[in-house]
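Encoded as structure tokens, the structure appears first; notes follow it.
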Amino acid sequence: MNLKKYFIRALHRLQKGPGYTYKELLVWYCDNTNTHGPKRIIKEGPKKKLIWFFLTLLFASLVFWQWGILINTYLSYNVTSSLSIGFKTMKFPAVTVCNANPFKYSEVKHLLKELDRLIEAALERILQPTPGNSSENISPPLNLELWHQIPLVLIDEHDKDNPVILDIFESNQGAAGNQSTAGNQTKEKKYKLAVKLCSHQGSDNCTYRNFTSAAQAVTEWYILQSTSILSKVPLQERIRMGYQAEDMILACLYGAEPCNYKNFTQIYHPDHGNCYIFNWGMDEEALNSSNPGAEFGLKLILDISQQDYIPYLSSAAGARLMLHQQKSFPFLKDQGIYAMAGTETSIGVLVDELERMGYPYSDCTMNGSDVPVKNLYSQYNTSYSIQACLRSCFQNHMIEICGCGHYMFPLPEGVNYCNNEDNPGWAYCYSSLRSSIRHRQICIDSCKETCNDTQYKMTISMADWPSEASEDWIFHILSYERDMSTNVTLDRNGIIKLNIYFQEYNYRTISESAATTIVWLLSSLGGQFGFWMGGSVLCLIEFGEIIIDSLWITIINVIGWCKGLKQKRAQARYPDAPPTVSELVEAHTNLGFQHEDGGALPRDEALPPEPGTPPPNYDSLRVQPLDVLGPDSDAE
């Protein structure tokens, strides 16, 4: 019951309102607030009132301006970077080693035989273009169908406004003259060798990839053609044609513990064939390094078998290696380094740990789960990286636009690699997509950096190895250990020695922290308010109170205005005053005394009731209330 009375009182209080007008409320606020300026406005004389009103308005404007700057600074979510150096037992990085040449030439020669004959004949025509020295009479004849799928052409630029495109393998006499002309142009450096790419064979929708050097053009052409051929070879067959671990890794030592090729994990890399990863951490715990220095690192001796390189595919010789985190995929084309044959390469490692702040301070990701691109490298069970995302994005666009996937990137299920037979215009589509800035920007915008990353800074030094004095016995021993032969099967052109170790036993942590926090924001807002207006949090509460009271008064005034509007509408419908109760009773009574012809009888002429007639039921004459004002009236 008490609770009901309390709510009734509260309702009455709400209906009554603060009990002030706007003017009274403003005067009350200025007289009672703890802010200094408003008090002087109502207490000073007319001239000082104007001065204090101007000063209060000016400083209030400055406060709101400063508050806007502070809030905008806070919402920009800036960060500060700090550098710290620590000392702890560190995990030795994963080390990936590959051969610069992806396949043994002796294993893939039967697949690339026609391609090699074509490029040899083309080079002969370019370098010796006279008709007598041409390769038209080569036996057996060349497979020009393979050539016409992706041809090499000469572009004569003597007349830059009207360049002439010369086909290298024209068979008529006029073409021979063109080839002679091309030979003279070769000497004068007035031509360019280009790769011709068409949307389909025989189409006029073509593009030309120009190169300043014929060596670059030949390498690009050979890569495109060999990609089409090798894409049809099953994965297991490609692995068999690559360099095996027992042939490539001759010696291994980690710290004081011996190791061998069985301590490496094999993966197939499209750019480099078979690659081998030490300390990847997939099946076993990652190895820790106890001390810095070369004696506590990894020592390897590799054989790259340079004599078995593919001549037109791999123009560089050596080993490709990369240091990276455990369970991450090695992108050697972007982050790898070369180790030269016939040298001992020492690599000192420094560790940098990067710790970025996530949303809203930066657009980084913890594990790639919030990235809209499907990670095609997840089939390797590796962690997310921006390189994996960018390549997956490109491959997805390649599949969507070209209808097939590129040989250098993983494939989703149900999709095949591109080749010239099934996809004649794939090279044109791939070249257009690779040079498209729009598609590249889409992938950059879709992919995110990782919030936590470990980078390995390398200091590289090299020396000839083995020396001339020791190479004889070293090659004998290594040849015997690998081939069980007393003959020397190794030479300086194929041997590489690697030393990988921590240069210093410390690590640097580069971490981000918020430049502005909510505590900073509140203290800055309060400082500005106190400096310009002499206010505090209580002054803000007082200001909030007057705002609430003003809204309260406004709501009550609106409700009163609506009620008045309803009453005006009711009066407009019924302009006369409503009848009284007595008038209604009299009117209702007179309805029962009427003549037979329908006229009303006077009250004094009404006949008395006959004897035995029951008295009238006056309850039936009880007056019923009439809805005179209608349903919208507020009758009291």
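What the table shows:
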quantity: Pair THR486, ASP422: separation of 7 Å Cα→Cβ label points (nm); calculated: 5.4
quantity: Dipole magnitude of segment 270-400, debye to nearest 20 (Cβ charges: Lys/Arg +1, Asp/Glu -1, about Cα centre); calculated: 280
quantity: Potential extension, ILE401-ASN288 segment - 0.36 nm per residue separation minus Cα distance; calculated: 36.0 nm
quantity: Segment 365-450: relative contact order in percent, alpha carbon pairs under 8 Å with at least 6 residues between; calculated: 37
quantity: Qualifying GluC sites (Glu not before Pro) for segment 347-455 [loop in DSSP, other Cβ within 10 Å: at most 11]; calculated: GLU413, GLU421
quantity: Amide hydrogen neighbours beyond the local backbone of VAL79, cut-off 5 Å, H modeled; calculated: ALA515
quantity: Å² per residue, accessible surface of segment 404-481 at 1.4 Å; calculated: 56
quantity: Top positive-direction residue, dipole computed over segment 183-341 with Cβ charges, set SER289, SER314, GLY336; calculated: SER314
quantity: Fraction of accessible area attributable to carbon and sulfur, segment 291-446 (%, probe 1.4 Å); calculated: 50
quantity: Cα-centre dipole for segment 322-463 with unit charges at Cβ (Lys and Arg positive, Asp and Glu negative), debye to 20; calculated: 180
quantity: Pairwise label distance in nanometres, ILE510 with GLN201, each label 7 Å out on the Cα-Cβ vector; calculated: 5.2
quantity: Rg and Dmax of segment 365-450, Cα atoms only, in Å; calculated: 13.1, 42
quantity: Heavy-atom surface of segment 336-396, accessible at 1.4 Å and reported per residue (Å²); calculated: 45
quantity: Carbon/sulfur fraction of accessible area - segment 185-265, other protein chains in place, 1.4 Å, %; calculated: 48
quantity: Backbone N under 20 Å from the LEU350 label point (7 Å along Cα→Cβ), restricted to segment 483-516; calculated: 499-512
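The values are calculated or read from the model by the stated rules, or taken from the named source; none is laboratory data. Here the structure is a predicted model, which is why all the values come from computation and not from measurement. Here Cβ is always computed from backbone atoms with ideal geometry, including for glycine, and neighbour counts include all displayed protein chains. For the accessible areas, the whole protein counts, side chains as well, though only heavy atoms, and no ligand, DNA or RNA atoms are used. Shrake-Rupley method; radii C 1.70, N 1.55, O 1.52, S 1.80 Å.
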